[in-house]
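The structure appears right after this line, and notes come after that.
The values are calculated or read from the model by the stated rules, or taken from the named source; none is laboratory data. Just so we're clear, the structure is a prediction, and the values are computed from it rather than from any experiment. Cβ: placed from backbone, ideal geometry, glycine included. Neighbour counts: every protein chain shown.
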Amino acid sequence: MDTFNKNNLNILDLPDEILLIIFNKLNTIDVFYSLVNVNKRFDRLVLNSLHIRNLDTTRMVIKSYYDRTFSIDNNVLSKICEKILPRIHHQLNELIVEQNSLKNILFTVNYPQLDSLSLVNFQKEILFQYLTDNSILHNLLTQQIQHLNIDVSYDPKSKGSKILSSIFALILSTCQRLIDLNFCQLFYDRKSPIRIYKFPSTSCTSSTLTKLKVSVATFDDCLYILDGRLKHLSALIIHVKKISLSFSNKNKKKLPELKYFSLTSTEPTTHYDDQIIPLLRRMINLKELTLFF
């Protein structure tokens, strides 16, 4: 009798605690699509406001080293927008979304508690258009977002450094509450360096940003970021494509706010003593340092 009962256990016989452990091991989108509206108990557990704080609406499929897709099936997206988001939108703190689903997800509901946003696998031109033309996204970035992750798709034919640099400057000017920015550094093999050192002195400023992760083309771009325009920057993780001689490395102003500094480069450099050391001497309160080149 005991053996018979064990062999005929149903998932509905499991206690709530075990079901929650199982659900947490599964992809959130799969759980929503498969279990919401199955019965009231599943709805209560899956949509529990104590557990649903972030929503990842992407699914990465690697076709080749550089070719990846992040879109979810249209039927799944439709159910998420029509059946799920209206029930959980008010409790979400974090949202991860890719280019093809952004409009549907943003236009479905508002997100009063949202303060963290990841925009994944966007074409540079499309992202720039969204940042300049989409009022809903603009309002979110201006009024709510404190943590922002940006990822752009790889395009071997693109010469998009200029537009990507403009996107970086636009984000800093738009996001009035931003404290943490990861700009095109979500994936190790998708570093997209920007060139900003020739931008006007009034560009790329922020009085709120404390942490920045970014890839730049030259050491001059690194110096540009550390010339005082980011007043409260305490952590900088920066990849410099090439560290060469810079004639603009004359700024002696101290950087008392900077506590963590990581500098990496894929190319060797012979300018450690004349370029990097003078920069490090400005970091008078540095607590942690990472150098790799």
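Considering only helices (runs of 4 or more DSSP H) fully contained in segment 1-66, which possess at least 1 residues that are at pLDDT 80 or above, β-branched (Val, Ile, Thr) and not assigned by TED's automatic domain parsing to the domain that holds residue 117?
Numbers: elements: 2-7, 16-25, 28-35, 40-46.
So the answer is 16-25, 28-35, 40-46.
In segment 201-234, how many residues are among the β-branched types (Val, Ile, Thr) and within 18 Å of residue 249 (Cβ to Cβ)?
First, pick out the residues of segment 201-234 that are among the β-branched types (Val, Ile, Thr): 202, 205, 208, 210, 214, 216, 218, 225.
Right, trim to within 18 Å of residue 249 (Cβ to Cβ) and you get 216, 218, 225.
Residues meeting the conditions: 3.
Look through 252, 191 and report the one residue that is outside any helix (DSSP H, G or I), among the charged types (D, E, K, R) and under 23 Å from residue 178 (Cβ atoms).
191
Condition test on residue 165, is it among the hydroxyl-bearing types (Ser, Thr, Tyr), closer than 21 Å to residue 98 by Cα, surrounded by 20 or more Cβ atoms within 10 Å (Cβ to Cβ) and assigned by TED's automatic domain parsing to the domain that holds residue 277? Even if it seems obvious, please write down each step before you answer.
Details: among the hydroxyl-bearing types (Ser, Thr, Tyr): yes; closer than 21 Å to residue 98 by Cα: yes; surrounded by 20 or more Cβ atoms within 10 Å (Cβ to Cβ): yes; assigned by TED's automatic domain parsing to the domain that holds residue 277: yes.
In short, yes.
Condition (residue is in contact with a helix residue (DSSP H, G or I) (Cβ under 7 Å, 6 or more places away or on another chain), closer than 23 Å to residue 180 by Cβ and in the same structural domain as residue 149 (by TED's automatic domain parsing)) applied to segment 265-278: is it met by at least one residue? Outline the logic, then answer.
From segment 265-278, those in contact with a helix residue (DSSP H, G or I) (Cβ under 7 Å, 6 or more places away or on another chain) are 275; that's our starting set.
Now restrict to residues that are closer than 23 Å to residue 180 by Cβ: none.
Within segment 265-278, not a single residue is in contact with a helix residue (DSSP H, G or I) (Cβ under 7 Å, 6 or more places away or on another chain), closer than 23 Å to residue 180 by Cβ and in the same structural domain as residue 149 (by TED's automatic domain parsing).
At pLDDT 95 or above, within 24 Å of residue 259 (Cβ to Cβ) and of a type in the set (Lys, Arg), is that true of residue 213?
Yes, satisfied.
Condition check ((1) among the charged types (D, E, K, R); (2) outside the structural domain of residue 79 (by TED's automatic domain parsing); (3) touching a Cys at 6+ places or on another chain (Cβ under 9 Å); (4) not in a loop (DSSP other than H, G, I, E, B)) across all residues:
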residue: 104; (1), (2), (3), (4): no, no, yes, yes
residue: 110; (1), (2), (3), (4): no, no, no, no
residue: 130; (1), (2), (3), (4): no, no, no, yes
residue: 136; (1), (2), (3), (4): no, no, no, yes
residue: 150; (1), (2), (3), (4): no, no, yes, yes
residue: 176; (1), (2), (3), (4): no, no, no, no
